[in-house]
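Since the structure comes first, as structure tokens, the remarks are kept for the end.
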Amino acid sequence: MRGHIAHILATVLIVVSLGAAQRPTSSESVNTRGKRAPVAPGKTARAKPYQIGTASWYGSYFQGRATASGEPYDMYDLTAAHPTLPLGSWVRVTNLRNGRAVVVRINDRGPIIPGRIIDLSYNTARVLQFESKGLQRVRLDVVNNRTKTTQPQMIAALQY
């Protein structure tokens, strides 16, 4: 009888420990940092995205208020708020619905709403063509400092 109970307890312990090892599935955001996959000859390498998830935008209510970087928020600049990327980083944000992309500078902290990965300025949402929707699924790619531009307003939306 004791052997039977021990066998059942061991089975329950294994099942519980396997269940605890699974990653959470409740969040829309996915952190996809990692190694690059090998690329077939003749094809260009496409880096894995930094993150994929839901973006939102913020506008006139915050106009002129101080951002985490200390500068006043300008809803017409191509800027964004991200919870962990260093202030001053550059990120290419791609709208996964229509393929439009734009490079923005991180100058604030946010978003504060769970499940969102980035808050964009109004103008960034306009360039990506989702300002009327409020939310959009996007891809984030960190841009190397050597390839950034000093005037983000001059960056046109890219069609993928």
Subject >> Cα lying deepest toward the dipole's positive end in segment 49-159, options THR54, THR84, LEU120, charges on Cβ >> reply: THR54
Original post:
Between ILE5 and ARG97, what length comes free when the chain is fully extended (0.36 nm per residue of separation minus the Cα-Cα distance, one decimal in nm)?
Top reply: 27.7 nm
Subject >> Magnitude of the charge dipole, segment 49-159, Cβ model with Lys/Arg +1 and Asp/Glu -1, debye to 20 >> reply: 340
**OP:** Pull out the extension gain between GLN129 and TYR61, defined as 0.36 nm times the separation in residues minus the alpha carbon to alpha carbon distance; nm, one decimal.
**Re:** 22.5 nm
Original post:
According to a simple spin-label model (label point 7 Å from Cα along Cα-to-Cβ), what is the distance in nm between LYS48 and ASP74?
Top reply: 3.7
Subject >> Antiparallel bridges, percent of DSSP beta bridges restricted to segment 49-159 (to nearest 5) >> reply: 75
Original post:
Once the principal axes of the Cα atoms of segment 49-159 are found, what is the range along each, listed largest first in whole angstroms?
Top reply: 33, 32, 24
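Only the coordinates and a few stated rules stand behind these numbers; no lab work does. Quantities reported herein were computed from a predicted structural model and do not represent experimental measurements. Note that each Cβ is placed from the backbone with ideal geometry, even for glycine, and that neighbours are counted across all protein chains shown.
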